[in-house]
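Asker: I am attaching a structure below and will ask some questions about it afterwards.
The values are calculated or read from the model by the stated rules, or taken from the named source; none is laboratory data. Because the structure is predicted, anything quoted here is derived from the model rather than measured. For neighbour counting, all protein chains shown are included, and Cβ atoms are generated from backbone atoms with ideal geometry for every residue, glycine included.
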Amino acid sequence: MSTIPVKMPNQRYDVVIEDGLLKTLGDRVRQVWSPRKVAIITDDNVGPLYLDQVANELTESGFTVVTVVVPHGEHSKSLAQLEELAQQLAAASFNRTDSLLALGGGVVGDLTGLLASVYMRGIDFIQVPTSLLAQVDSSVGGKTAVDVAQVKNLLGTFYQPDLVLIDPQTLKTLPQRDLVEGYGEVVKAGALVGGDFWSLILQINSPATILQEAAKLIHFALDFKVEVTSQDEREGGQRQLLNFGHTIGHGVESLANGDLRHGEAVSLGLIAISTIFADQDETHEVLEKLRDRLEVVGLPVTSPLLADDGLMDKIKNDKKNRHGYLNVVYLNAIGQPQIEKISLADLADKINRAAI
C-alpha cells in the first residue's frame, strides 16, 4: 500500500493505492465520512463488475446507498446527463449532508465531481477510479467538467474530493485498448519527470508489463501530479506542464468524434508537438525516445487527422487560448520541460511545415 497526501489551499485528502482495496472500501470511507446517504455513480461497463461489491461495503459500514448508472462513453459528459443526475438526487431527497462516490473511469469521475460541486452549491464526494487513465490522472487535481458544443471540458469547476481510493486490480478487467490508452498519460508524466520514473518507463515493453508494474506507475504519476497541482491548483503556472501533448491532442480527439480515446489522442499530441520543436534546442532525440515508448505498447504516433483543415478550428476553442496565444509545452530533454507562448497563427504554420 502507498498513500500520497494532497494538500490544497482549502482541502486536504489522501490518495490510497493498494491491490485489493475494494475489499476494505467501506472501512476506508468510514475513516473520512460519518454514516450518511451516499449515491454511487458508475457506468454500464463498470457497474456489472464492481457496483454490488462497493455498495455492500458501504452498507455494511453503516451508509445508506443509492446507485445510479449512466451510459458509458464521452457522450455522458453532457449538460443533459448532469441535469438528469441532479434530478435523481433531488428525487432521492439528497441534501448538503449527503455525498457522492464516483466509481469508474474519467468520464464518471469528471461528471460526478462537477455534480458534487454544483448540487446545492457543493456536497462531498470521493473518487474510486477503475481505469488507468483515471487512476494516473483525472481522479486527482480537482478538475471537473462536461463537454459543450463538441468542445471538450468546456464547462467545469475546480473541486477537490475528500478521498481517492485506487485498486490497481481493477485494471485486469479492462479491455487492452482501454489499458493502453491510459498509458499515454503515464508516458507524458514520465517524460516530464525523468529520473527513476523514466527508467521505469523504459522497462515497459508490452501491455502485460503495464499491468505488472501498475502500482509503481500509478504512484510515480500521481506523486508528480500532486506535487504540481498542490502548488498551482488553478493552472496559473507550473500546472500548465500537465498539458504536454494536450493542445494538439484535444483538437485531434474532437475531430475523431469518438473514434480516438483520450490517451490515444494525447499520444498523437506528444509526437506532434515534439516534431514541431524537434529542431529547437536539439530535441530530436526526445522525439525518438517518445515515439519508441509509445509505439512499443501499441499507441498511435501518426494520424491523418493531424493534417485535417479543421484541426486549428478545434485548437482555437481550447480553454487556454488567451487572445490568440497559447502556452505550449515541449521538452528540451527527458525531464526538462519548457513552456513557450505561441500565437495560433504561428502554431498553425508550424503544424503545416512539420508535416506530422
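Asker: Among the residues of the range 84-99, write down those that are of a type outside the set (A, V, I, L, M, F, W, C) and either closer than 17 Å to residue 35 by Cα or crowded, with 20+ Cβ neighbours inside 10 Å (or both).
Answerer: Answer for the range 84-99, where residues must be of a type outside the set (A, V, I, L, M, F, W, C) and either closer than 17 Å to residue 35 by Cα or crowded, with 20+ Cβ neighbours inside 10 Å (or both): 93, 95, 96, 97, 98, 99.
Per-residue answers, yes or no, for (1) closer than 24 Å to residue 136 by Cβ; (2) outside the structural domain of residue 225 (by TED's automatic domain parsing); (3) surrounded by 15 or more Cβ atoms within 10 Å (Cβ to Cβ):
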{"position": "12", "(1), (2), (3)": "yes, yes, no"}
{"position": "29", "(1), (2), (3)": "yes, yes, yes"}
{"position": "37", "(1), (2), (3)": "no, yes, yes"}
{"position": "41", "(1), (2), (3)": "yes, yes, yes"}
{"position": "45", "(1), (2), (3)": "yes, yes, yes"}
{"position": "53", "(1), (2), (3)": "yes, yes, no"}
{"position": "59", "(1), (2), (3)": "no, yes, no"}
{"position": "62", "(1), (2), (3)": "no, yes, no"}
{"position": "66", "(1), (2), (3)": "no, yes, yes"}
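Asker: Could you tell me whether the range 342-349 includes any residue that is in a loop (DSSP other than H, G, I, E, B), more than 22 Å from residue 75 (Cβ to Cβ) and acidic (Asp, Glu)?
Answerer: Taking every residue of the range 342-349 in turn, none turns out to be in a loop (DSSP other than H, G, I, E, B), more than 22 Å from residue 75 (Cβ to Cβ) and acidic (Asp, Glu).
Asker: For the list (1) of a type outside the set (Asp, Glu); (2) in contact with a strand residue (DSSP E or B) (Cβ under 8 Å, 6 or more places away or on another chain); (3) touching a residue at least 40 places away in the same chain (Cβ under 8 Å), I need the number of the one condition that residue 141 fails.
Answerer: Of everything listed in (1) of a type outside the set (Asp, Glu); (2) in contact with a strand residue (DSSP E or B) (Cβ under 8 Å, 6 or more places away or on another chain); (3) touching a residue at least 40 places away in the same chain (Cβ under 8 Å), residue 141 misses just condition (2).
Asker: Collect the residues in the range 284-299 that are surrounded by fewer than 21 Cβ atoms within 10 Å (Cβ to Cβ) and touching a residue at least 40 places away in the same chain (Cβ under 8 Å), keeping them in residue-number order.
Answerer: 285, 289, 296, 298
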